[in-house]
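Since the structure comes first, as structure tokens, the remarks are kept for the end.
The values are calculated or read from the model by the stated rules, or taken from the named source; none is laboratory data. Bear in mind that the values here come from a model prediction, so they are computed numbers and not experimental data. Glycine also receives a Cβ, built like all others from the backbone with ideal geometry; neighbour counts cover every protein chain displayed. Only protein heavy atoms, including side chains, enter the accessible area calculation; ligands, DNA and RNA are left aside. Shrake-Rupley method; radii C 1.70, N 1.55, O 1.52, S 1.80 Å.
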Amino acid sequence: MFKRAKTISWIAGLFFALSGFLAGGALAGISTTKHNLSSSGTGTIKSTDQPEICIFCHTPHDAIKNANIPLWNHTLSTTASYGVYASPTMTATDTTDVGGVTAATAAVSNLCLSCHDGTVAINNFKNPSNMNPVTTMVGTTVGMLPVGNSNLGTDLTNDHPVNFTYNTTLATADGFLVNPVDATGSGLSNGLKLFSSKVQCASCHDPHTSAQGAFLRASMNGSTLCLSCHSK
Ligand code: HEC
Ligand code: HEC
Ligand code: HEC
Ligand code: HEC
């Protein structure tokens, strides 16, 4: 009797531990975010017939060939110029326009802009799925991101600068930047990310998780995200 009760409570414990683990995994992952554009997505913009989540951005085979980006599948924007943020107090001098790139030269920010500049349809893929060949979208009448906050348009001169080097030299020259501890060129000790030592959209945003809201890598409460890089 005692022995049986013990077994039941052990099984119940295992069940709760497992369900807690699964719930935790699901909450932290992409499936509950607006970037789940598949038919299981819960946002307004989603597919009615495509059950795959990653396909909207990645493909395991025949990806866009480029040494700087991860197995990319979403057709890149052909926008020739986004302009570059400028101000009299900017210290960085190598900020480069992310417009006019080719598949081979696209930077990580071009991946986001392939949907967020509003010029490419969300279901426009380099390599469509062979397993689930159709992708019909709802929530967008023109196929692209509708006009609104999420559609940044093709002018980045009034947005936080991207595509420039952020290293110890810049931090020292500026005087009000945290020295980025970035031994590998890919991750900062504070959880933010640089790409070949450069600030890109995905330095502040992680497209796979929205635990902090707006896919941010750090909280905006008390402006923690900004203070991770700026000593103000
Ligand atoms: C809405 C677009 C989008 C979707 C959907 C998406 N990703 Fe990504 N992924 C990106 C972008 C952009 C990057 C490059 C920026 C970065 O590293 O954060 C990236 C980077 C990656 C990387 C390399 C960097 C790292 O974090 O390890 C892996 C691996 C990855 N994604 C896997 C996946 C998998 C698996 C899925 C599906 C479950 C998925 N992604 C869905 C946009 C997406
Ligand atoms: C395949 C297309 C696609 C790509 C690539 C993509 N996004 Fe999105 N993103 C979307 C869609 C669709 C939405 C939902 C827009 C809406 O509901 O109005 C969205 C929403 C967002 C939002 C708003 C989230 C919110 O809670 O309101 C942010 C922030 C965002 N994306 C950032 C990024 C960044 C940064 C990248 C690159 C690292 C990226 N996205 C890549 C399609 C994409
Ligand atoms: C320096 C950090 C930083 C960089 C770099 C950055 N963002 Fe954001 N982004 C934010 C923050 C913070 C918010 C939330 C703003 C708010 O809630 O008002 C945001 C919001 C957004 C939104 C939601 C719409 C909105 O206006 O609230 C989108 C879409 C987005 N970013 C896309 C991008 C793309 C695409 C890039 C690259 C071209 C990029 N971001 C670069 C910090 C950044
Ligand atoms: C990943 C690191 C990083 C994050 C996070 C970040 N920034 Fe920046 N930001 C920089 C760097 C580096 C520069 C370039 C500074 C320079 O060269 O003068 C910059 C530039 C700026 C500038 C322009 C400075 C000028 O002189 O014109 C402003 C303003 C700014 N950031 C505000 C913010 C705010 C507000 C946030 C939070 C929403 C934020 N940043 C988040 C790294 C970051």
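Put a plus charge on the Cβ of each Lys and Arg, a minus charge on the Cβ of each Asp and Glu, and nothing anywhere else: the dipole of segment 108-232 about its Cα centre is then about 180 debye. For segment 166-232, what does the alpha-carbon gyration tensor say about shape, rounded, prolate or oblate, given a ≥ b ≥ c as the root eigenvalues, a/c under 1.5 as rounded, and a/b over b/c as prolate? Verdict is oblate for segment 166-232.
Each 5 Å bin, from zero up to the one with the longest distance, holds this percent of the alpha carbon pairs of segment 95-232: 2, 9, 15, 19, 19, 16, 10, 6, 3, 1, 0. Electrostatic bookkeeping for Ile69 treats Lys and Arg as +1 and Asp and Glu as -1; over the other residues with beta carbon under 15 Å from its beta carbon, the sum is +3. Take segment 33-154 with all the other protein chains still there, run a 1.4 Å probe, and you get 53 Å² of accessible area per residue.
Among Val199, Leu145, Phe164, whose Cα lies farthest out toward the positive end of the dipole of segment 77-224, if unit charges sit on the beta carbon of Lys, Arg (+1) and Asp, Glu (-1)? Of the candidates, Leu145 comes out farthest on the positive side. Charge tally for Gly153 (other residues, Cβ to Cβ under 12 Å; Lys, Arg +1; Asp, Glu -1): -3. Rounded to the nearest whole Hz, the Karplus-based 3J(HN,Hα) values (6.51 cos²θ - 1.76 cosθ + 1.60, θ = phi - 60°) of segment 134-142 follow the sequence 9, 9, 9, 9, 10, x, 9, 6, 9, with x at glycine and proline.
Per-residue Karplus couplings for segment 207-222, computed as 6.51 cos²θ - 1.76 cosθ + 1.60 with θ equal to phi - 60°, are listed in order as x, 9, 9, 10, 4, 8, x, 6, 6, 7, 7, 9, 5, 8, 5, x Hz, Gly and Pro entered as x. Close amide-amide hydrogen proximity is noted between His205 and Arg217, each under 5 Å apart and 5 or more residues distant or on a separate chain (H modeled in the peptide plane; Pro and chain starts excluded).
Among residues other than Thr32 whose Cβ falls under 15 Å from its Cβ, what is the net charge (Lys/Arg +1, Asp/Glu -1)? Surrounding charge for Thr32 is +1.
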